[in-house]
Amino acid sequence: MRLSPVTRYVPDSYRECVTQVIYLTLLIAILSVRPAQGSVEGKMTDTVRCKNQPEQSYALYLPESYTDTVKWPVIFIIDPGGRGSLAVDSFKMGAGKYGYILAASNNSSSGSLERTFEIADILFEDVRDRFSVDSARIYTAGFISAGNFC
């Protein structure tokens, strides 16, 4: 197989990142479609303190039909301003319609990527410990510079 001059010099990790960005864009487009009849209700909580690190918190959305007996997909949202409620509110219409849990950090910032990963790890652990999460359907989303995390 012959590679084009551009393809030959693009690292695999970059191609994987671009592929993930495309999939995330499609997911956001699907989740942002409004249902035909009104809004989809669910339970939104502005501040959930992490059990192991209570100084960390996140906004949470659970679909109206959430139960512990079913494994649910989850989208973790990183906002550079730590505005968890605003981030969750942006996704909750689609999440309610398609049955996704949403969790968005109230502590993330546009600082170092390393710190963003630390916050995300704490958030992931807490959500997986508290809720019935489908480990094969865990997604991330981010706004502005936090999108680099994804």
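For the structure I just gave you, tell me whether SER132 is closer than 24 Å to GLN53 by Cα, surrounded by fewer than 19 Cβ atoms within 10 Å (Cβ to Cβ) and among the hydroxyl-bearing types (Ser, Thr, Tyr).
Yes: the conditions hold for SER132.
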**Prompt:** Quick one: would you say VAL33 is β-branched (Val, Ile, Thr), closer than 20 Å to TYR139 by Cβ and either at pLDDT below 85 or outside any helix (DSSP H, G or I) (or both)?
**Reply:** yes
**Message:** Please go through (1) over 15 Å from the mean Cα position of the chain (by Cα); (2) closer than 17 Å to GLY94 by Cβ; (3) modelled with pLDDT under 65; (4) of a type outside the set (Asp, Glu) for MET1 and return the number of the only condition it doesn't satisfy.
**Reply:** (2)
**Request:** Kindly list, by first and then second residue, each pair from a residue in segment 106-120 that is in a helix (DSSP H, G or I) to a residue that is surrounded by 14 or more Cβ atoms within 10 Å (Cβ to Cβ) and at pLDDT 75 or above, limited to pairs with Cβ atoms under 7 Å and residues at least 6 apart or on different chains.
**Result:** THR116/ILE78; THR116/SER108; ILE119/GLN56; ILE119/SER105; ILE119/ASN107; ILE119/SER108; ALA120/PHE76; ALA120/ILE78
**Asked** Would you call ASP129 modelled with pLDDT of 90 or more and in contact with a Pro (Cβ under 7 Å, 6 or more places away or on another chain)?
**Response** no
**Item:** Breaking point among (1) part of a loop (DSSP other than H, G, I, E, B); (2) modelled with pLDDT under 85, for ASN52
**Value:** (2)
**Request:** Give LEU27, LEU62 a once-over and let me know the one that is under 20 Å from the mean Cα position of the chain (by Cα) and at pLDDT 90 or above.
**Result:** LEU62
**Complete:** Residue hits (segment 64-105; among the hydroxyl-bearing types (Ser, Thr, Tyr) and either surrounded by fewer than 23 Cβ atoms within 10 Å (Cβ to Cβ) or not in a strand (DSSP E or B) (or both)) are SER65, TYR66, THR67, THR69, SER85, SER90, TYR98, TYR100
**Request:** Report, ordered by the first and then the second residue, all pairs with beta carbons closer than 7 Å, sequence separation of six or more or different chains, a first member in segment 40-69 that is farther than 19 Å from GLY82 by Cα, and a second member that is part of a loop (DSSP other than H, G, I, E, B) and of a type in the set (Gly, Ala, Ser).
**Result:** PRO63/GLY99; SER65/GLY99; ASP68/SER132
**Message:** So in segment 70-90, with the set limited to residues that are among the charged types (D, E, K, R) and free of Cβ contacts under 8 Å to residues at least 60 places away in the same chain, which one is nearest to ASP121 (Cα to Cα)?
**Reply:** ARG83
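The values are calculated or read from the model by the stated rules, or taken from the named source; none is laboratory data. Note that this is a predicted model, so its numbers are computed, not measured. Positions of Cβ are generated from backbone atoms using ideal geometry, with glycine treated the same way; all protein chains shown enter the neighbour counts.
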